[in-house]
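Structure, as structure tokens:
The values are calculated or read from the model by the stated rules, or taken from the named source; none is laboratory data. Predicted model only: the values in this text are computed from it and were never measured. When we count neighbours, we look across all protein chains shown, and the Cβ atoms used for this are built from the backbone with ideal geometry, even at glycine.
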Amino acid sequence: MKKLFVIKIGGNVIDDAQSLDAFLQRVAQIDTPVILVHGGGKIATRIGDQLGIESKYIDGRRITDDGTIDLVTMVYGGLINKKIVAALQGYNCNALGITGADGNLVPAVKRPVKSIDYGWVGDVQQTALKAAQWAALLEAGFVPVLAPLTHDGKGHMLNTNADTMASAVSVCLGALYNVRLVYCFEKKGILRDIGQEDSVISHLDKENYNSLKAAGKLFAGILPKLDNAFAAIDAGVEEVLIGHADDLLQNTGEQTTGTLITA
């Protein structure tokens, strides 16, 4: 099977124009199929402040009310997405900007209200993704650039976690491609000691992860990303790589700098 890279970039790359440009140059040089998934919460917060739309969080998760869903639709699906597309096109990479709502590529449902009402937040319906749709885009030579937005099937947009979307797309395409899921963030990899930048765990499997997690050795903020990574592995994704954008995707993307996650 062909190799496929599903790459998720977050705010630490997107917020810095120079870092983003250097990163996108590397993405454009990869000669195997690529899907790029992006976030952009800090930019949404900054523009929201300028527009008088207050950002509200519970346990670090954004509450997406009526004003906020309009904000993130504009920022994620418009401003950030199209700037990335334009930059990749400038490097002769045939990028195609999309959301999960376009072509119903990432079906989702509105998160049900339990103890917390998250508002217009979407939960991905993993089994409803159609690999043939994604494969058609890739085989046509496009590099899909996916914004973290879905829809509820009733005419309303939903704010959706970008890490989860990257994992879902990777799982969906695992039957057709040899998928490497790459999460780029601000650290060199998963750190054994959050205060020591050089304490990168080079390899992590489920057994070691559960041991470190039970012992409280991992930074709480990284746990959702790791849960998404292992969910992808459990569903058949070949491997997941977590590390800094500056250290990933040199040449063909085969570099394993960072933390390599396997079954």
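For this structure, a couple of remarks:
- Taking the range 84-135 and the strands (runs of 3 or more DSSP E) fully enclosed by it, the elements with 3 or more residues that are over 17 Å from residue 30 (Cβ atoms) and of a type outside the set (Ser, Thr, Tyr) are at 108-110, 122-124.
- When the criteria are applied in full, residue 180 meets the requirement of being of a type in the set (D, E, K, R), in contact with a Phe, Trp or Tyr (Cβ under 7 Å, 6 or more places away or on another chain), surrounded by fewer than 23 Cβ atoms within 10 Å (Cβ to Cβ) and closer than 23 Å to residue 9 by Cα.
- Some residue of the range 213-235 being crowded, with 20+ Cβ neighbours inside 10 Å and at pLDDT below 80: no
- Meets criteria (under 26 Å from residue 32 (Cβ atoms), surrounded by 15 or more Cβ atoms within 10 Å (Cβ to Cβ) and free of Cβ contacts under 8 Å to residues at least 40 places away in the same chain) for residue 204: no
- Flag: residue 55 matches the condition of being part of a loop (DSSP other than H, G, I, E, B), of a type in the set (Gly, Ala, Ser) and either touching a helix residue (DSSP H, G or I) at 6+ places or on another chain (Cβ under 9 Å) or modelled with pLDDT under 95 (or both).
- Those residues of the range 152-165 which are modelled with pLDDT of 95 or more and in contact with a helix residue (DSSP H, G or I) (Cβ under 8 Å, 6 or more places away or on another chain), in sequence order: 156, 157, 158, 159
- Scanning the range 136-162 for residues that are closer than 14 Å to residue 110 by Cβ and assigned to a helix (DSSP H, G or I) returns no hits.
- Residue list for the range 200-231, restricted to those being of a type in the set (A, V, I, L, M, F, W, C) and within 18 Å of the chain's Cα centre (by Cα): 222, 223, 226, 229, 230, 231
Listed here are the residues, each with its yes/no results for (1) among the aromatic types (Phe, Trp, Tyr); (2) surrounded by 15 or more Cβ atoms within 10 Å (Cβ to Cβ).
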site	(1), (2)
21	no, no
24	no, yes
32	no, yes
36	no, yes
41	no, yes
44	no, yes
51	no, no
57	yes, no
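- Those residues of the range 1-26 which are within 19 Å of residue 42 (Cα to Cα) and either of a type in the set (D, E, K, R) or free of Cβ contacts under 8 Å to residues at least 24 places away in the same chain (or both), in sequence order: 8, 15, 16, 17, 18, 21
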